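The values are calculated or read from the model by the stated rules, or taken from the named source; none is laboratory data. Worth saying up front: this structure is predicted, and the values here are computed from it rather than measured. Backbone-built Cβ (ideal geometry, glycine too); neighbour counts: all protein chains shown. The area values use the complete protein model at the heavy-atom level, side chains included, leaving out ligands, DNA and RNA. Shrake-Rupley method; radii C 1.70, N 1.55, O 1.52, S 1.80 Å.
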Amino acid sequence: QVHLVESGGGLVQAGGSLRLSCAVYGRTVSTYVMGWFRQAPGKQREAVAAISIGGNTNYADSVKGRFTISRERAKNTAYLLMNSLKPEDTAVYSCAATSRVLNLNPGLYDYWGQGTQVTVSS
């Protein structure tokens, strides 16, 4: 069984940065496509970014150029570096893993973490 644990969320001012971490337990992080998703109050979950086993990446248009997804095999962890944060980035951010091809469809991810809150003040 795969277990994902996010950390790194918090309160930051607009224009600031945060790095989220997603520790993977039970399997090797490089075995899966890893994705980050977010859900703001009253809104549907939306995709943020994903990284393939080979290192290819895909980003939502709203975060391109500001967010970077990566993974570190030695620490069995995936990351989401978020720069130039905006108040509209405020949400609960969750990481997820899938054995399928690189995609941004949350319905195709098999394993999910519990989420970490990111709040961006104006």
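Specify the residue that is least open to solvent (accessible area, probe 1.4 Å); the eligible residues are those in segment 50-66 that are within 19 Å of Leu85 (Cα to Cα) and touching a residue at least 40 places away in the same chain (Cβ under 8 Å).
For segment 50-66, the residue satisfying everything is Ala50.
Does Val5 satisfy being crowded, with 20+ Cβ neighbours inside 10 Å and among the β-branched types (Val, Ile, Thr)?
So Val5 fails the test.
Would you mind stating whether Tyr32 is open to solvent by less than 40 Å² (accessible area, probe 1.4 Å) and in contact with a Gly (Cβ under 7 Å, 6 or more places away or on another chain)?
Answer is no for this residue.
Out of (1) touching a residue at least 24 places away in the same chain (Cβ under 8 Å); (2) open to solvent by 20 Å² or more (accessible area, probe 1.4 Å), what's the single condition that is false for Ser94?
The one condition Ser94 does not meet is (2).
For segment 98-116, name all the residues that are open to solvent by less than 70 Å² (accessible area, probe 1.4 Å) and either outside any loop (DSSP other than H, G, I, E, B) or aliphatic (A, V, I, L, M) (or both).
Thr98, Leu102, Leu104, Pro106, Gly107, Leu108, Tyr111, Thr116
Condition check: over 14 Å from Gly8 (Cα atoms) and open to solvent by less than 30 Å² (accessible area, probe 1.4 Å). Does Ala74 satisfy that?
no
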